[in-house]
Every structure is written in C-alpha cells, then in structure tokens.
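Peer 1: Pasting a structure below so you can have a look.
The values are calculated or read from the model by the stated rules, or taken from the named source; none is laboratory data. Please read these numbers as outputs of a predicted model, since none were measured by experiment. Because the Cβ atoms are built from the backbone with ideal geometry, glycine has one as well, and the counts that use them run over all protein chains shown.
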Amino acid sequence: MIKALDLPAKDFTGTSDPYVKMYLLPDRKKKFQTRVHRKTLNPVFDETFQFPVAYDQLSNRKLHFSIYDFDRFSRHDMIGEVILENLFDVSDLSREAVVWKDIHCATTESVDLGEIMFSLCYLPTAGRMTLTVIKCRNLKAMDITGASDPYVKVSLMCEGRRLKKRKTTTKKNTLNPVYNEAIIFDIPPENVEQVSLSIAVMDYDRVGHNEVIGVCRTGLDAEGLGRDHWNEMLAYHRKPITHWHPLQELPGRATSFDSQGSCSSPKPPPTP
C-alpha cells in the first residue's frame, strides 16, 4: 500500500484521519489494515502485506480495499472503496506492479453485514430481562466457502464496562442461522435505565480467532431503533417485543466490548 491522493475531508477541521482495510475476496477472515495517518488528505502508507494464496487460485480472487476515517469517539466513517476485480489485468504478477485506482463510494451491498432478529422482555417484579435471539439473515460471508459459522454474543454494559456476557450455540455453514435461544440477565428496576446490551454476531473459527461479523446495541443510550426497542420493552412489561436490527461494523478496537468505566454492577434482585 503506497499512498492515496485527494481524499475527501470527513472532519470539521477540513482533514481526515485515513486508514485502509484490505481483503483478498472471497476470504474475509484474513484481513490487513494500515496504520492511521492523522490530519491528512494525502496519506503516504508505504506498508507491505502478504496474503497466503496459491498462484493458480488468483484468477478466482479479487482485492478489496476499504478506506476509512478514524474517529476515536464514534463509528469510523467509510470514505470509499476500491475493488480490483481481475488481478491479471494488472500484470502476470511475477513482478511488482504499481496500480492507481479511483476511489468509489461504497455500495450498499459491500457494507451490508446482515440483520439480526431478537425480542426483549422485562419483568420488573422479578428484576429479570430476557433477550431471545431468534435468527439472522443475509450475514456477510466470512469463509472462503462463501458461508460463515455464526453465533451471537450478548454483553450487559454500563458506562462502557462489560458486566456480564452470554452467547448462543454456533450454527455451521450458514448465512441465515435460526437460534430461538433465550438469554437472561438479572437487572433490578433501579438499574434498568443505566444499562444497555451490546449484541455481536461472531464467526466461529476452529483454528484462528473468531471474527466479528457485525454488531448492534439496544438501550436508552443507543441510537435510533436500538433506543426505540428498549423504550418499547419498558412500556410493555412482560410482553416480548421483537424487531429486526441491521448489523454495523465493529468501530475499531475502542468498542463497547472494552472493560473500562466506573459503573458498579447492578444490585441483585430481592429474594422472593
């Protein structure tokens, strides 16, 4: 990765903090990322990355570059993407070739990570919240086979600190898993406005690291549908409230799954 020129400004200062993610599709498990370059629209990367792939497989692969603007406090903005559809259009790849490509706005398809359906139900007298993971659809394929091995991880959060976590079973080789699995957290009524739930759809990898396919949040401090779903749950006690939620990309390392913050654990519910 050599450099980029004339990137659009994403910050109010008139600059960006760009970095690049790259995949050799259709495999999304192996990805590389450049360093972040601060306050520039013309970053010089000069970084080298190596994908382990046999030469005779290159005709079926394509390079995908996603250019992002780093934001320490919120979701990173996608600046655009470059897709090198046919690697042999560049050269026979027996020697290094320098390629310039225009950056295009990301298509809906390229950033679509899929959706998850879950229900929320709160019993204030018992101080118990039940999140039922029902199913997912159209998940992004993470394996070279064009499928994934998805499971769902749910974290109970308070002020950026993870208090508890639960997960579903893993469904093999599917982009449309069906779970119908209930996850229960004890949350007394006096704590219900302080907490939120972070939901991550993960791709299980028996050999390497499990990869995040996409995430969403629900709680009073969430945005849009995540907040509306939580409010609906609080308005209709004892009734499961079900919605589809679009998955979003995990915004870098500083995420809601980090265990930091100063919130104490919710008090246990009173014994009956």
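Peer 1: Out of (1) among the hydroxyl-bearing types (S, T, Y); (2) surrounded by 10 or more Cβ atoms within 10 Å (Cβ to Cβ); (3) free of Cβ contacts under 8 Å to residues at least 40 places away in the same chain, the odd one out for Y68 is which?
Peer 2: Of everything listed in (1) among the hydroxyl-bearing types (S, T, Y); (2) surrounded by 10 or more Cβ atoms within 10 Å (Cβ to Cβ); (3) free of Cβ contacts under 8 Å to residues at least 40 places away in the same chain, Y68 misses just condition (3).
Peer 1: Between a residue in the stretch 9-24 that is free of Cβ contacts under 8 Å to residues at least 60 places away in the same chain and more than 16 Å from R35 (Cα to Cα) and any residue that is of a type in the set (K, R) and assigned to a loop (DSSP other than H, G, I, E, B), which pairs come within a Cβ distance under 8 Å, given they are 6 or more apart or on different chains?
Peer 2: Taking only residues 6 or more apart or on different chains, the pairs are D11/K39; T13/K39; T15/K39; L24/R61.
Peer 1: Applying the selection to the stretch 180-195, what residues are part of a strand (DSSP E or B) and surrounded by fewer than 21 Cβ atoms within 10 Å (Cβ to Cβ)?
Peer 2: N180, E181, A182, I184, F185, D186
Peer 1: Let me ask something additional. Which number in (1) surrounded by 12 or more Cβ atoms within 10 Å (Cβ to Cβ); (2) farther than 20 Å from V212 by Cβ marks the one condition that P52 misses?
Peer 2: The one condition P52 does not meet is (1).
Peer 1: Continuing with this model, one more query. Can you say whether R206 is in a helix (DSSP H, G or I) and modelled with pLDDT under 95, as far as the supplied structure shows?
Peer 2: So R206 fails the test.
Peer 1: So for the stretch 67-75 (the condition being farther than 30 Å from S16 by Cα and basic (K, R)), does at least one residue qualify?
Peer 2: no
Here is a yes/no grid of residues against (1) outside the structural domain of H104 (by TED's automatic domain parsing); (2) modelled with pLDDT under 95; (3) loosely packed, with under 13 Cβ neighbours inside 10 Å:
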| site | (1), (2), (3) |
| --- | --- |
| I2 | yes, yes, yes |
| P8 | yes, yes, no |
| L24 | no, yes, no |
| R28 | no, yes, no |
| F32 | no, yes, no |
| R38 | no, yes, yes |
| T48 | no, yes, yes |
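Peer 1: Please work out if L120 is at pLDDT 80 or above and assigned by TED's automatic domain parsing to the domain that holds R206.
Peer 2: It is true that L120 is at pLDDT 80 or above and assigned by TED's automatic domain parsing to the domain that holds R206.
Peer 1: Could you check the stretch 146-171 and list, in sequence order, the residues that are in a loop (DSSP other than H, G, I, E, B) and among the β-branched types (V, I, T)?
Peer 2: T168, T169, T170, listed by residue number.
Peer 1: Any residue in the stretch 85-103 that is modelled with pLDDT of 80 or more and in a strand (DSSP E or B)?
Peer 2: Looking through the stretch 85-103, none of the residues is modelled with pLDDT of 80 or more and in a strand (DSSP E or B).
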